[in-house]
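Enquirer: Would you mind keeping the following structure in view while I ask a few things?
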Amino acid sequence: MQEQANLLRSRGTRIGLVPTMGYLHEGHLSLVREAKKKADIIVMSIFVNPTQFGPNEDFKNYPRDFDRDAALAKTAGCDIIFYPDHCEVYPASYLTYVEVEKITRVLCGLSRPTHFRGVTTIVAKLFNIVKPHVAVFGQKDAQQVMVIKRMVTDLNYDIEIIIAPTIREKDGLAMSSRNSYLSPDQRAQAVVLYQSLMEANRMIDEGERDIGIIKNTMRAMIEQQPDAVIDYIEIVDTATLESQRKLTGEVLIALAVKIGKPRLIDNIIVHV
Ligand code: AMP
């Protein structure tokens, strides 16, 4: 991959990278389309990255289907699929990790303390292997986006980071590879995540400024679903990811909820 990247760069070809863990859906494919606007050759990486999973998480069961992914990526306009082996990425001698501080300790970082260290490590490695000019990530993983942008600035990566909007099912559920774990009944329950975000948006639109009242309303809506177990509902400053005391400026409303087996996340940005 590095040789290929060097060759492309020597010819003045712009490389776009779309990192994924595979089991592709329309959300992933939208990132490829975004990348195509900014680069000549699109590389999609497909790698279920063990270092971003906690010990009791779903690394082993994470859905995988390379042949289907390859066909979908090709139709979306992807030129190269980078599909490395685990032992190639993390050989037995492996010792190095990249860690962004502070903003990785809140939201998802509370229940997944090693997750972002795994994300930044694999993304840093992918940047060094694929040598992209542009890399595209989804707003669906809002905290990940912030953490990667921080890493790119702090480590002086000469890479443009593009953030693509969250792609949703018709009823509003954010597309996710983990939605495949949901039973039909849980799939119906899962729509409450988006509905609660929309309700928060509506309340703010109508003048509500009490964060506690908004969060409680969201909590009550979600708790009506029998299989929902809330990890967090937070309303934070988009720049710092710190809880807001007063609702002003640009805020991120983010949540993580287990619906049966999968832990699903979603978010919206609201301008108050
Ligand atoms: P994943 O394979 O889940 O690690 O996701 C790979 C990339 O796709 C990340 O940048 C995600 O933010 C992005 N992504 C996942 N789901 C969506 C979605 N529904 N809409 C937009 N981007 C998404």
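The values are calculated or read from the model by the stated rules, or taken from the named source; none is laboratory data. Computed from a predicted model, the values in this text were never measured in an experiment. Note that we place each Cβ from the backbone using ideal geometry, even for glycine, and neighbour counts take in every protein chain shown. SASA here: full protein model, heavy atoms, side chains in, ligands and nucleic acids out. Shrake-Rupley method; radii C 1.70, N 1.55, O 1.52, S 1.80 Å.
Enquirer: If you average 1/r over every pair of different alpha-carbon atoms in the chain and take one over that average, what Kirkwood value in Å do you get?
Expert: That comes to 19.6 Å for the chain.
Enquirer: Continuing with this model, one more query. How much of the accessible area of the chain, probe 1.4 Å, is carbon plus sulfur, in whole percent?
Expert: Here it works out to 49 percent.
Enquirer: Counting helices only, and only those DSSP H runs with n ≥ 4, report the 222 nm mean residue ellipticity of the chain as the sum of -39,500 (n - 2.57) divided by its residues, in deg cm²/dmol to the nearest 500.
Expert: Taking each H run of at least 4 residues, the total per residue is -11500 deg cm²/dmol.
Enquirer: At 7 Å along Cα-to-Cβ for each site, give me the label-to-label distance between R64 and T96 in nm.
Expert: With each label placed 7 Å out from Cα toward Cβ, I get 2.5 nm.
Enquirer: Assuming a ≥ b ≥ c are the square roots of the Cα gyration tensor eigenvalues, decide whether region 65-123 counts as rounded (a/c under 1.5), prolate (otherwise, with a/b larger than b/c) or oblate.
Expert: Judged from the Cα gyration tensor, region 65-123 comes out oblate (a/c at least 1.5, b/c at or above a/b).
Enquirer: Follow-up. Charges on Cβ only, +1 for Lys and Arg, -1 for Asp and Glu, centred on the Cα centroid of the chain; of S93, I269, A70, which one is farthest towards the dipole's positive end?
Expert: S93
Enquirer: Let me ask another. With every protein chain present, what accessible area does R68 have (1.4 Å probe, heavy atoms only), rounded to the nearest 10 Å²?
Expert: 100
Enquirer: Classify region 125-247: rounded, prolate or oblate, from the alpha-carbon gyration tensor (a ≥ b ≥ c, eigenvalue square roots; a/c under 1.5 rounded; otherwise prolate if a/b is larger than b/c)?
Expert: Oblate, because a/c is 1.5 or more while a/b does not exceed b/c.
Enquirer: Could I ask something else about it? Label-point separation (nm) for K38 and E242, each offset 7 Å from Cα along Cα-to-Cβ?
Expert: 2.9
Enquirer: Net charge around P262, counting only other residues with Cβ within less than 15 Å of its Cβ (Lys, Arg = +1; Asp, Glu = -1)?
Expert: Taking every Cβ under 15 Å from that of P262, the sum is 0.
Enquirer: Continuing with this model, one more query. Size of the dipole of the chain about the Cα centre, Lys and Arg at +1 and Asp and Glu at -1 on the beta carbon, nothing else charged, in debye to 20?
Expert: 380
Enquirer: How far, in degrees from 0 to 90, does helix 211-223 lean away from the longest principal axis of the Cα atoms of the chain, to the nearest 10?
Expert: Once rounded, the angle reads 80 degrees.
Enquirer: Whole number in Å², please: accessible area per residue of region 1-154, 1.4 Å probe, ligands, DNA and RNA not counted.
Expert: Result: 48 Å² per residue.
Enquirer: Just from the alpha-carbon atoms, what are the Rg and Dmax of region 4-84 in angstroms?
Expert: 13.8, 46
Enquirer: Could I ask something else about it? Can you tell me the FRET efficiency between A188 and L7 if r is taken as the Cβ-Cβ distance and R0 is 35 Å, rounded to the nearest 0.05?
Expert: For A188 and L7, the calculated efficiency is 0.10.
Enquirer: Beyond 19 Å, what percent of the Cα pairs of region 207-272 remain?
Expert: 33
Enquirer: While we're on this one: Relative to the compact-globule scaling 2.2 N^0.38 Å, provide the ratio for the alpha-carbon radius of gyration of region 151-219.
Expert: The reported ratio for this selection is 1.54.
Enquirer: I'm a student and want to see the number: the projected area of the Cα convex hull of region 1-152, averaged over all directions, in nm².
Expert: Convex hull of Cα atoms, orientation-averaged projection: 9.1 nm².
Enquirer: Would you look at the GNM of the chain, springs on alpha carbons closer than 10 Å, and say which of T96, T166, T153 moves the most?
Expert: Taking springs between Cα atoms under 10 Å, the residue moving most is T96.
Enquirer: In degrees, nearest 10, range 0 to 90: what is the angle between the Cα axis of helix 115-130 and the longest Cα principal axis of the chain?
Expert: The two axes meet at around 30 degrees.
Enquirer: State log₁₀ I(q)/I(0) for region 95-162 at q = 0.21, 0.22, 0.29 Å⁻¹ as given by the Debye formula over alpha-carbon point scatterers of equal weight, solvent excluded.
Expert: Each listed q corresponds, in turn, to -0.87, -0.95, -1.48.
Enquirer: From the gyration tensor of the Cα coordinates in region 11-50, what semi-axes in whole Å does the equivalent ellipsoid have, largest first, with each one equal to sqrt(5λ)?
Expert: 20, 13, 5
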